[in-house]
Amino acid sequence: MTPIRKLLTTAVAAATLAFSAAASAAFPDKPVTLVVGFSAGSSIDMVARTVASKLSQKIGQSVIVENRNGAGGNVAADYVSRSKADGYTLLVVANSIAIAPALYPDLKFDTQKDLRAVAYVGIGPVILKVNKQRGFKTLADLVTYAKAHPGALNYGSSGIGGTPHMATVLFDEVAGISMTHIPYKGGADALSALLGGQVDVLLNPLLGDAANDRVTPLAISGEKRSPLSPDVPTFGELGYPKYDLGVYYGLMAPAGVPADVVAKLNAAVNETLADPSIVEALTTRSGIVLKRETPQEFQQFIDKDIALWKDVVQRNRAAIEK
């Protein structure tokens with residue numbers, strides 16, 4: 001490289017760094033978009049819209065929720081991974097972000113290389129419900145029937161690879177039963193199918209619908225019963241202590257987003273989670289335990305969950321693909 005070319009290259013690099021630093025210092029100076037990989041009305045969509053309503057006040061800019069449904073959240077994850085790494089496009093994630101690498105070996109994105117953790121929003125229980133017309137009064141009733149009639153019971157989900165799907169795969173394994181999977185386009189559709197009797201079982205996040213007179217809640221995850229459904233026993237109480245699954249929510253960004261922008265977003269989200277109205281909406285009414293952690297802590301959590309689901313998928317590949 002000639003001295004002149006070297007000088008020009010150095011100057012361009014310095015100018016680029018100065019521009020990036022200035023852009024980071026001004027962040028945010030335009031609306032931020034939260035991309036949700038599931039349909040409107042799903043639990044993750046509800047969490048995203050609840051957080052967005054107050055996050056906009058913390059950052060002084062509009063926060064827009066955009067649904068890009070498809071492939072168990074992978075359409076949205078791929079889109080965000082390829083978005084400009086400036087902090088203005090964020091991915092709202094749930095368990096599916098850790099499930100996908102094990103379930104889909106040909107993903108167009110790498111969760112751990114192409115995305116970076118921004119903020120951990122919270123984690124809540126999953127609850128197993130059956131259509132009341134099935135007549136099951138207890139979890140033991142369901143398991144006994146399922147063992148005697150393999151594949152006869154069907155269960156709904158928000159789509160292949162989503163939390164309700166994989167949560168049920170894991171319960172089938174723990175309980176030693178086999179139910180038939182019927183995927184829907186979103187959590188709201190799966191719930192409607194349960195209420196309408198098109199599916200027998202739904203294992204999904206606790207959304208305040210456990211008391212619906214068309215369903216019977218049989219069990220809930222967690223170390224102790226939820227105050228929202230105090231009459232519903234935990235899986236542990238019913239003899240399944242190894243079934244300890246929660247559905248979590250958080251935010252991720254394209255891997256190249258500057259660390260200072262991630263830090264600003266993390267601080268703003270954590271301030272949002274301390275807002276009394278957010279605590280009321282997500283904890284008091286939805287049973288979600290809110291987390292106020294660093295990006296590094298949330299990244300470590302995701303990395304561990306990726307390893308967990310890799311093992312689950314390997315053990316249950318045949319059941320998942322049938």
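List of remarks:
- Most mobile listed residue (Glu293, Glu66, Glu223) in the chain, GNM with C-alpha springs under 10 Å: Glu223
- Label-point gap, in nm, between Lys132 and Ile182 - each point 7 angstrom along Cα→Cβ: 1.9
- Taking 0.36 nm per residue of sequence separation and removing the Cα-Cα distance, the Glu237/Asn154 pair yields an extension gain of 27.4 nm.
- With contacts taken as Cα pairs under 8 Å at a separation of at least 6 residues, the stretch 65-202 carries a relative contact order of 25 percent.
- Net charge of neighbours whose Cβ lies under 12 Å from the Cβ of Ala25, counting Lys and Arg as +1 and Asp and Glu as -1: -1
- The string of couplings for the stretch 165-170 from the Karplus curve (6.51, -1.76, 1.60, θ = phi - 60°) is 4, 6, 5, 6, 4, 5 Hz, one whole number per residue in order, with x for Gly and Pro.
- The residue list Ile220, Gly197, Pro241 was ranked by how far each Cα lies along the charge dipole of the stretch 125-245 toward its positive end, using unit charges on Cβ atoms, and Gly197 comes out on top.
- The HN-Hα couplings worked out from phi for the stretch 232-249 by the Karplus form 6.51 cos²θ - 1.76 cosθ + 1.60 (θ = phi - 60°) are 8, x, 7, 4, x, 4, 8, x, 10, x, 7, 8, 10, 10, x, 9, 10, 9 Hz, whole numbers, x standing for Gly and Pro.
- Cβ crowding within 10 Å, taken as a proxy for footprinting-reagent exposure, orders Thr144, Thr50 from fewest neighbours to most as Thr144, Thr50.
- Cross-link partners of Lys137 among lysines (Cα-Cα below 18 Å; sequence separation of 8 or more within a chain): Lys129, Lys147
- Kirkwood's formula applied to the C-alpha pairs of the chain gives a hydrodynamic radius of 20.7 angstrom.
- Spatial separation of Cα centroids for the stretch 200-251 and the stretch 284-322, in angstrom: 17
- A straight line joining the Cα centroids of the stretch 161-183 and the stretch 21-83 runs 29 Å.
- Kirkwood hydrodynamic radius of the stretch 125-245, Cα pairs, Å: 13.9
- Placing a label point 7 Å from the Cα of Glu321 along the Cα-to-Cβ direction, the residues of the stretch 148-189 whose backbone N falls under 19 Å from that point are 160-162, 166, 169-170, 173, 179-183.
- Under-5 Å amide H pairs with Leu153, H placed in peptide plane, nonlocal only: Thr180
- The chain, helix-only ellipticity at 222 nm - DSSP H runs n ≥ 4, -39,500 (n - 2.57), divided by all residues, nearest 500: -13500 deg cm²/dmol
- Partner aspartates and glutamates whose Cα lies under 17 Å from the Cα of Lys113, excluding those fewer than 8 positions away in the same chain, are identified as Asp78, Asp86, Glu297, Asp303, Asp305.
- Amide H contacts under 5 Å for Ser39: Gly187, restricted to partners 5 or more places along the chain or on a different chain, H placed in the peptide plane at 1.01 Å from N.
- Taken about its Cα centre, the stretch 177-322 carries a charge dipole of roughly 340 debye when the Cβ of each Lys and Arg holds +1 and the Cβ of each Asp and Glu holds -1.
- Computed from phi, the 3J(HN,Hα) profile of the stretch 191-206 under the Karplus parametrisation 6.51, -1.76, 1.60 (θ = phi - 60°) reads 5, 4, 5, 5, 5, x, x, 6, 10, 8, 10, 9, 10, 9, x, 6 Hz, with x in place of Gly and Pro.
- Within the listed set Ser178, Ser62, Ser192, the residue fluctuating most in the Gaussian network model of the chain (springs between alpha-carbon atoms under 10 angstrom) is Ser192.
- Within a Gaussian network of the chain (alpha carbon springs, distance under 10 Å), most fluctuating of Gln133, Gln198, Gln299: Gln133
- Kirkwood Rh, Cα atoms: Rg over Rh of the stretch 38-125: 0.95
- Extended-chain gain in nm, criterion 0.36 nm per residue less alpha-carbon gap, Arg49 and Asp29: 5.1 nm
- Total charge dipole magnitude, the chain, about the Cα centre, Cβ charges on Lys, Arg, Asp, Glu only, Debye to nearest 20: 400
- Other-chain or far-sequence residues with amide H under 5 Å of Ala219's (modelled H): Leu128
- Anchor Lys108: lysines whose Cα lies under 18 Å away (excluding residues fewer than 8 positions away in-chain): Lys84, Lys310
- The modelled label-to-label distance for the pair Glu173/Gln61, using points 7 Å beyond Cα in the direction of Cβ, is 4.1 nm.
No value in this document is a laboratory result; all are computed from the given coordinates. Predicted model only: the values in this text are computed from it and were never measured. Virtual Cβ from ideal backbone geometry, glycine too; neighbours counted across all protein chains shown.
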